[in-house]
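Trainee: One structure, as structure tokens, below. Some questions next.
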Amino acid sequence: DDVPSDVPAPAPVGAHTPPVGPLPDALLDDEEECSSSGSGIKGACDVPTATPSLDAEETAKPTGRFYCSHSYVNRHYELFGSLPCYSDNPYRSGSIGDFVTPDLSDGDTVPVAWRNGGKLVGEYAALVGLPDGLSSSLLSLYDEIEQPNVSSNPAADEDNGRFISTTNDQLWWHAETSGCVQHISPGDEATHDAFLERLSIGHLDHTLRSIAKTYELETLTAYEVSFARSANCSSLEDLEVQPETGGYAYKLVIPLSLRMTASMVIIDDGKDPDWHLSRGTYSYQSSVGICIGDNVQHSIFDVDPTGLVAIVHLAEIDEVNAPMIGGMVGSAFPLHVDWLESQIGRHYDIKNEKATMSQGRRRFHLADGDDCPDESTVEEQCRDIQMRVDCPVLCNVYVSTQTANDQIELFFASLPIDDECIDESNECSDFASSGMCMTDMEEMIEYGCNWSCLYCQVPSSAELFSLGVDQVFEYDDEEGLVTRVPSHQEILERIDQTVTHMIGTVLVQDDHKAYRISCRNYQPQCSYWAASGWCETYAGWMSQHCPAACFTCPLADHTKRCPVDKETNVIQPGEMNFMYERWLSEAGVDISTLSLDNPPPTSVDHPFGKLTVVSSPYYDMTRLLDDDEDEDDQPPLPWVITIEDFLTGEECDVLIKHGSELGYEQSTQYSNTADVGGSHEFIESESRTSTNTFCQGDCDADPIVRGVIDRIVEMSGITANHYEKLQLVRYEVGQYYKEHHDYASAHEELPFGPRILTFFLYLNDDYEGGGTSFNYLSFTSNPKRGMLLAWSNMQSDLQSMDDWTWHEALTVTKGLKYGANAWVHLRDYSSVPDYCSN
Ligand SMILES: O=C(O)CCC(=O)C(=O)O
Ligand SMILES: [Fe+2]
């Protein structure tokens, strides 16, 4: 064998420290001849045998057909050694020469570079010895894409690629890139995963580790993968340039099915119009891949219509290069920057098992933009790359949050099936979705709702369990509340910790039983906020909206989060009527003599205005009852009273003015059904078509408004902290508020308690219709500007709502109606935080 045995070796990676400094002169020499014969793998010229010596570069003077020299470099241009290349490139005349590789075994990584006129080119390229199983593992995957489909229907071009759905539920994107190369890349993340799984079967992690060592990278992530076919290439057309990432992004090309003639060119820059003539080519060998890095122009060219390679894009992803890589949208799997960042530090594990896949890939949760099309047109529209970037969830590009539940599902799957765990009533799922598993655990157990409530000793239902809504990475912090923006990594860690908390505590510990259905993330930004410290800063609010991310499941229950203190009730049972009786006595009526036989007068002068008794417990109710109704079954009649001129005209005008300034909005109604977390919604409803606003800010601070509130306080004897802000209402012609009650049972469980009284104020009267009608009391008010209408919403015993005081605001038939509600609560209202208010 003519080949000197001391040709510099592809030394085991990391086995030496490369010398630093300028290139030795010897390497700047011009072409040298290859020394004749031998039995190299190329047949034409012997390939130097690899040996681990680094001292012999000067003696490595290949002769014969080797005519250029090239160097091993790392990414700092430090010299490792040199290898000859040979001159008789059969396809290109005038090229400097082809690179010749030694035999590489699995894990050997040889950084390579051509040298041209003393200049090193192709700075970040390396040959990589591949594990034996890798090609066959990937080929088997390619076979599953129904090859005939690929080869008989070449896709037109990049923009007109097409999706191929395979029988095993994979989705591939098949497009022809410039020239003659067809790319077949995963069309969704599940397929992407399948590809990575095959890579891991082939021990890709081992290869990646070698590459990472060669380039002195901490980590490598296989962020994009595809198959490439060189179909009908007749010239060097498929020129690509790796982006400039400072040495952190690479692509590894793995030969799968090639003839000896299939080649790849690597060149230095695109400035030379004859670039393809100026640099050498590299011919593939079966178990050697080529890793191409920054700024390296390269191309598959020519001659092998069946040529097939796999391309694995690798990067040490960080905040700097993620946007650069992410900017190169161009496959069916758009490289969203957020997605890339979320893969930081991810590496393929050495184990072949699927279970270790989680080591290699970060589950990623991305939200769709606002303008995504509806489902029906998705298939067509999602062929557009931009659409796939903008609507990744809709287009099924990235893993949806549901799969953050993978671990949870595994957890459930690992549990024994508990046959005892059943529902004994069909109503259980409704109970569960209304939050009763949390608030009424004893009843739910009695009903036998163990399954729906996940109460079983071993909660064996992944189906019902949820971490809540999809989590996102972005938060538009308009109010500037976030003091520290969390990194994606931190957000993902928070999601992981949430899963761990669920599996380790919530789903297994008895004291968390009640919260298994309700402990969720109710907002998409929960993990973001939690990672930024909000569980501490905004503890109460977060425990309502994000109990899962804050690990505060028991506080999902508002009775725990917002305790009710009945000791602070402003009136005691039986005292409800005292207020009205005091009014009468203030108007000179002797209330001690009042009885059914001696009812109060219907009209008296009160210091605050002309007082009319519309209804009182001393009035006869029989006229209000149907024939079949018995008086004894009915609660006593309530007090309903009007006081004319309670407000001055000026006060009315000021309130109307403030209402207009604040802006009236479509009114809502309070929903009595709680969501799973025990919160109640305000819903727009057909039964309330008017608009309203709340008197806050300038309105509430206005001395004239304060005067009105002081008067109501004096009149009621209940201090201002028990009132909601005045609700200013406005009805246009045709608007109304259908029969309803101001009492809301859900308020009983809230810190401020139910609305015991309503003071309704009429602010104008230049309209028609619009009276307030109490159908059970056969009374409809006759609106007068400045008039107060006062009634009780609860019976005097404070045990239940007063059914007599259902009421409605009749349709306004002409003009505009303005009014105001002052609602009085049983307990303090003003200091109750928002997160305890519904
Ligand atoms: O506008 C009215 O007359 C009554 C309004 C009312 O009942 C309410 O807003 O709750
Ligand atoms: Fe009302």
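The values are calculated or read from the model by the stated rules, or taken from the named source; none is laboratory data. What you are looking at is a predicted structure, and each value in this text was computed from that prediction instead of being measured. With ideal geometry, Cβ positions are generated from the backbone for all residues, glycine too; neighbour counts draw on all protein chains shown. Calculation scope for accessible area: heavy atoms of the full protein, side chains included, ligands and nucleic acids excluded. Shrake-Rupley method; radii C 1.70, N 1.55, O 1.52, S 1.80 Å.
Trainee: Could you estimate the translational diffusion coefficient of the stretch 401-561 from the Stokes-Einstein equation, with Rh from the Kirkwood formula over C-alpha pairs, at 25 °C and 0.890 mPa s, in whole µm²/s?
Mentor: Values: Rh = 16.1 Å.
Answer from the Stokes-Einstein relation: 152 µm²/s.
Trainee: Enumerate the amide H contacts of Ser685 below 5 Å, restricted to partners 5 or more residues apart or on another chain; note that Pro and chain-start residues carry no placed amide H.
Mentor: Here Gln669 satisfy the definition.
Trainee: I'd like the carbon and sulfur percentage of the solvent accessible area for the stretch 401-561, probe radius 1.4 Å, heavy atoms only, ligands and nucleic acids excluded. Don't jump to the answer; show the numbers that get you there.
Mentor: Working: 3690 of 7430 Å².
Carbon and sulfur together cover 50 percent of it.
Trainee: Output the pairs from Lys566/Lys610; Lys610/Lys738; Lys513/Lys566; Lys566/Lys738; Lys738/Lys814; Lys513/Lys560 with a Cα-Cα distance over 25 Å in this structure; if there are none, say none. Spell out each step's value before the answer.
Mentor: Numbers: Lys566/Lys610 36 Å; Lys610/Lys738 28 Å; Lys513/Lys566 27 Å; Lys566/Lys738 32 Å; Lys738/Lys814 18 Å; Lys513/Lys560 15 Å.
Pairs exceeding the cut-off: Lys566/Lys610; Lys610/Lys738; Lys513/Lys566; Lys566/Lys738.
Trainee: Please work out, to two decimal places, the log10 of the ratio I(q)/I(0) at q = 0.11, 0.15, 0.21 Å⁻¹ from a Debye calculation in which every Cα of the stretch 619-703 carries one identical scatterer.
Mentor: Cα-only, vacuum Debye calculation for the stretch 619-703: -0.66, -0.93, -0.99.
Trainee: Say R0 is 25 Å: what FRET efficiency, to the nearest 0.05, do Asp430 and Asp169 get from their beta-carbon distance? It would help to have the intermediate numbers written out before the result.
Mentor: Working: r = 34 Å, r/R0 = 1.37.
Result of the calculation: an efficiency of 0.15.
Trainee: Enumerate the amide H contacts of Val812 below 5 Å, restricted to partners 5 or more residues apart or on another chain; note that Pro and chain-start residues carry no placed amide H.
Mentor: It is Gly734, Gln735, Gly770, by chain and number.
Trainee: Also: What list of ³J(HN,Hα) couplings, whole Hz, do you get for the stretch 646-661 from phi and the Karplus terms 6.51, -1.76, 1.60, once you set θ to phi - 60° and write x for glycine and proline?
Mentor: So the Karplus estimates, Gly and Pro as x, are 5, 10, 7, x, 4, 4, 4, 5, 4, 5, 4, 4, 4, x, 5, 5 Hz.
Trainee: Right, something else. Viscosity 1.567 mPa s, temperature 4 °C: what is the translational diffusion coefficient of the stretch 660-797 from Stokes-Einstein with a Kirkwood Rh over Cα pairs, rounded to a whole number of µm²/s? Walk me through the numbers on the way to the answer.
Mentor: On the way: Rh = 16.7 Å.
Stokes-Einstein gives a translational diffusion coefficient of 77 µm²/s.
Trainee: Note the per residue figure in Å³ for the convex hull of the C-alpha positions in the stretch 571-715. Kindly include the intermediate steps, with their values, before the conclusion.
Mentor: Numbers: hull volume 29.8 nm³, N = 145.
Here the figure is 205 Å³ per residue.
Trainee: At a probe radius of 1.4 Å, what is the per-residue accessible area of Trp451, in Å² to the nearest 10?
Mentor: 70 Å²
Trainee: If you don't mind, another one. For Glu224, enumerate residues with amide H under 5 Å from its amide H, sequence gap 5+ or separate chain, H modeled in the peptide plane.
Mentor: Hits under the 5 Å cutoff: His313.
Trainee: Just to confirm, what accessible area per residue do you get for the stretch 398-524 at 1.4 Å probe, in whole Å²? Spell out each step's value before the answer.
Mentor: Working: 6390 Å² over 127 residues.
Solvent-accessible surface per residue comes out at 50 Å².
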